Amino acid sequence: MTTITAPEVAPVARPGERRPPLARLTAVELRKLVNTRAGRWLLITIGLVAALIVTIQLVYAPDSEQTFVNFFMPSLLPVGVLLPVLGILSITSEWSQRTALTTFALVPRRERVIVAKLAAVVLAALASVLASLALAAVGTLIADATGGAGTWRIEGSLILHAAVFQVANVLLGAGFGLLLLHTPLAIVAYLVLPIAWSMVGQLVRPLDGAAGWLDSTRTMDPLFTAEMTAAQWGRLGVSLLVWLVVPLLAGLLRTLRREVA
Amino acid sequence: MIAVNQLIKRYGRHTAVEDVSFHCEPGTVTGFLGPNGAGKSTTMRMICGLTPPTSGHATVDGRPYRQLPNPGRTVGVLLDASAQHSGRTGREALAVAAATMGVDRRRVGEMLDRVGLDAVAARRRVRAYSLGMRQRLGLAHALLGNPRVLVLDEPANGLDPEGIFWMRGLLRDFADRGGTVLLSSHLLREVEAVADRLVVIGGGRIVAQGGKDELLAGDGTLVRARDRVALRGALDRAGLPVSEGTDGLLVRADTEAVGQAAAAAGVALTELRPAGGGGLEQLFLSLTAAADSATANTAQTRTNAEPTREALR
């Protein structure tokens, strides 16, 4: 550890009295994702679900469809449902377990804790894409050996879109968690709101147009294709602004001001 | 060193802390005494930057807590022993804190030893800990960053007599080596044995503070007048040490001196009597009684975990 301290207000600067760097806080938050039973099992479940999807493909898909892309893409959706829960838990468990008291006593600049948490869940989301790719690769190797197509070709844009999809998912969850600061409430709100949106959008004709811009389930759909138009990116951006950026900012403000008891 | 200056905290119309000021010097243990709901925890949370004060400010080591670059290395904080993730092991809870502060991992083991949590206990999840074990873990957490200041809220809660004795020794030793300790309690006897100074709070206000010996020895006089300000002025002019009590002024002088001072200033008294042989103890009991009746009245509106502490008493 380096001990060079800028001569600030403190008359005596002792080693270790420097602000903890964000990278260290992020490492701590990553550790917190895995060092509880709930967090560890959530991550294991995510891995198992992806593996299960690949296995199902190997058993039931016609040989000609046993390609790398076909192993990779279907695993994204179930993982994308679980990642927001990870995002929610990483934020809300501080309040439900009351660890916010110790966390914010050690790092009173709360925004730094939040940024570290967001960085940690984004890294987890990217890791999930790598895991999906690795499992798809295993599936492809097995398919190749057992008479399936075993084709490796994949468009680079598909991998990029998958990364955007998973990062958006985990941050959507984090935003809901940050705004509501309550685990069950955040999970229910996260799961119910998009469904409500889709139903309302289909039932009420005039709202259908708006849903095309605001229903994140619909705007994220094109991410499963290799080509996305500028208009589709625009719609995705608008829906994420409403469901991701706004809750994140409002939640950040709420967390900064909240009394920790 | 802790400096608290005119801290006020209001929740709507309810005032939890009203104009609280005190200092804690290096090398001393300050006992922060008061009945449940007197404002001890709120004051301590304000010191630690967790609760924003309505007005006033507090500094630790010359700086507001939130401006300390790496607070854990300066102040060890134990505000609630139960504020640990129940699914983490004791060792892991400390390891997370050590990583945050940038403290050598070896210190985790050392602190676990220091507070008497053995290897078996350290491997267990906090969920399975008794309150006493949680307090020990919390103390290890507070000591982890090798701080110069300790802020501990009711650290003796849940400790057995042997544990309380051990903790006193630890805090005494910490202060004797130049550290500053602020610890709260709702039991006078609990802090009497270890504190050098006492700050007594009741109904959100400081009702007495000073060296333990003088506070406990002084019989003092309780005096009241309709014109409280004039009385205060008269006593100040007479050079008598005055502190604000809940239902009058507490003067560390005999009744004669107080009566003379009031008469000289032409202040009509409504009450003049010895504060009672028990001195501080008497004061403390009357505070506790007042707080209990107030608690009974407002119990409906209180939402925090105070009842569990009541039960422990």
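Remarks
Per-residue answers, yes or no, for (1) over 24 Å from A:L180 (Cβ atoms); (2) buried (at least 17 other Cβ atoms within 10 Å of the Cβ):
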position: A:L43; (1), (2): no, yes
position: A:I53; (1), (2): yes, yes
position: A:D63; (1), (2): yes, no
position: A:V69; (1), (2): yes, yes
position: A:F72; (1), (2): yes, yes
position: A:G80; (1), (2): no, yes
position: A:A100; (1), (2): no, yes
position: A:R110; (1), (2): no, yes
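- Residues located in segment B:89-102, provided they are at the interface with another protein chain (Cβ under 7 Å from one of its Cβ atoms) and either among the polar types (S, T, N, Q) or over 23 Å from B:N157 (Cβ atoms) (or both): B:E92, B:V96, B:A99, B:T100, B:M101, B:G102
- Counting the residues of segment B:171-198 that are closer than 18 Å to B:A81 by Cα and at pLDDT 95 or above gives 5.
- Residue in segment B:217-234 that is loosely packed, with under 15 Cβ neighbours inside 10 Å, touching a residue at least 60 places away in the same chain (Cβ under 8 Å) and outside any loop (DSSP other than H, G, I, E, B) present: yes
- Some residue of segment B:181-204 being over 20 Å from the mean Cα position of the chain (by Cα) and surrounded by fewer than 18 Cβ atoms within 10 Å (Cβ to Cβ): no
- Lone unmet requirement of (1) more than 11 Å from chain B (Cβ to nearest Cβ); (2) in contact with a Cys (Cβ under 6 Å, 6 or more places away or on another chain) for A:E111: (2)
- Identity of the residue in segment A:20-46, over 16 Å from A:V122 (Cα atoms) and in contact (Cβ under 8 Å) with a residue 24 or more places away in the chain, that ends up nearest to the other protein chains (Cβ to nearest Cβ): A:T36
- Residues being at pLDDT 70 or above, within 30 Å of B:E190 (Cα to Cα) and surrounded by fewer than 17 Cβ atoms within 10 Å (Cβ to Cβ) - total across segment B:251-302: 6
- Options A:A143, A:A174, A:A136: the member that is over 25 Å from A:Y60 (Cβ atoms) and crowded, with 20+ Cβ neighbours inside 10 Å: A:A174
- B:D173 fulfils the conditions (1) assigned by TED's automatic domain parsing to the domain that holds B:L143; (2) farther than 22 Å from B:V4 by Cβ; (3) in contact with a helix residue (DSSP H, G or I) (Cβ under 6 Å, 6 or more places away or on another chain) except for a single criterion, (3).
- Among the candidates B:V77, B:V115, B:V108, the residue that is crowded, with 21+ Cβ neighbours inside 10 Å and either within 9 Å of chain A (Cβ to nearest Cβ) or touching a residue at least 60 places away in the same chain (Cβ under 8 Å) (or both) is uniquely B:V77.
- Looking at A:L256, A:L223, A:L248, just one residue is over 24 Å from A:F72 (Cβ atoms) and surrounded by 15 or more Cβ atoms within 10 Å (Cβ to Cβ), and that residue is A:L248.
- Given (1) in contact (Cβ under 8 Å) with a residue 12 or more places away in the chain; (2) within 13 Å of chain A (Cβ to nearest Cβ); (3) buried (at least 17 other Cβ atoms within 10 Å of the Cβ), index of the condition B:R127 fails: (3)
- Residue tally, condition hydrophobic (A, V, I, L, M, F, W, C), within 21 Å of B:G76 (Cα to Cα) and within 19 Å of the chain's Cα centre (by Cα), over segment A:68-121: 1
- Filter result (without any contact (Cβ under 8 Å) to a residue 60 or more places away in the chain and in a helix (DSSP H, G or I)) within segment A:56-67: A:I56, A:V59, A:Y60
- Every pair of residues 6+ apart whose Cβ atoms lie under 8 Å, when the first sits in segment B:254-276 and is in the same structural domain as B:L240 (by TED's automatic domain parsing) and in a loop (DSSP other than H, G, I, E, B) while the second is at pLDDT 85 or above and not aliphatic (A, V, I, L, M): B:V267/B:D227; B:A268/B:R226; B:A268/B:D227
- Scope segment A:140-158; condition touching a residue at least 40 places away in the same chain (Cβ under 8 Å) and either among the hydrophobic types (A, V, I, L, M, F, W, C) or part of a helix (DSSP H, G or I) (or both); matching residues: A:T140, A:I142, A:A143, A:A149, A:W152, A:I154, A:S157, A:L158
Residue by residue, here is whether (1) modelled with pLDDT of 95 or more; (2) within 14 Å of chain A (Cβ to nearest Cβ) holds:
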residue: B:A3; (1), (2): yes, no
residue: B:V29; (1), (2): yes, no
residue: B:I47; (1), (2): yes, yes
residue: B:G62; (1), (2): no, yes
residue: B:G87; (1), (2): no, yes
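- Scanning segment A:89-98 for residues that are crowded, with 23+ Cβ neighbours inside 10 Å and closer than 18 Å to A:L253 by Cβ turns up A:I91, A:T92, A:E94.
- Filter result for A:A196 (modelled with pLDDT of 80 or more, hydrophobic (A, V, I, L, M, F, W, C), over 28 Å from A:V69 (Cβ atoms) and assigned to a helix (DSSP H, G or I)): yes
- Between B:V251, B:V199, B:V151, the distinction of being in contact with a Leu (Cβ under 6 Å, 6 or more places away or on another chain) and touching a residue at least 40 places away in the same chain (Cβ under 8 Å) belongs to B:V151 only.
- Selection count, segment B:52-77, where residues are of a type in the set (A, V, I, L, M, F, W, C), out of contact with any Pro (no Cβ under 6 Å at 6 or more places or on another chain) and outside any loop (DSSP other than H, G, I, E, B): 3
- So B:R134, is it of a type in the set (D, E, K, R), in contact with a helix residue (DSSP H, G or I) (Cβ under 9 Å, 6 or more places away or on another chain) and not assigned by TED's automatic domain parsing to the domain that holds B:S41: no
The values are calculated or read from the model by the stated rules, or taken from the named source; none is laboratory data. What you are looking at is a predicted structure, and each value in this text was computed from that prediction instead of being measured. Neighbour counts run over all protein chains shown; Cβ positions are idealised from the backbone, glycine included.
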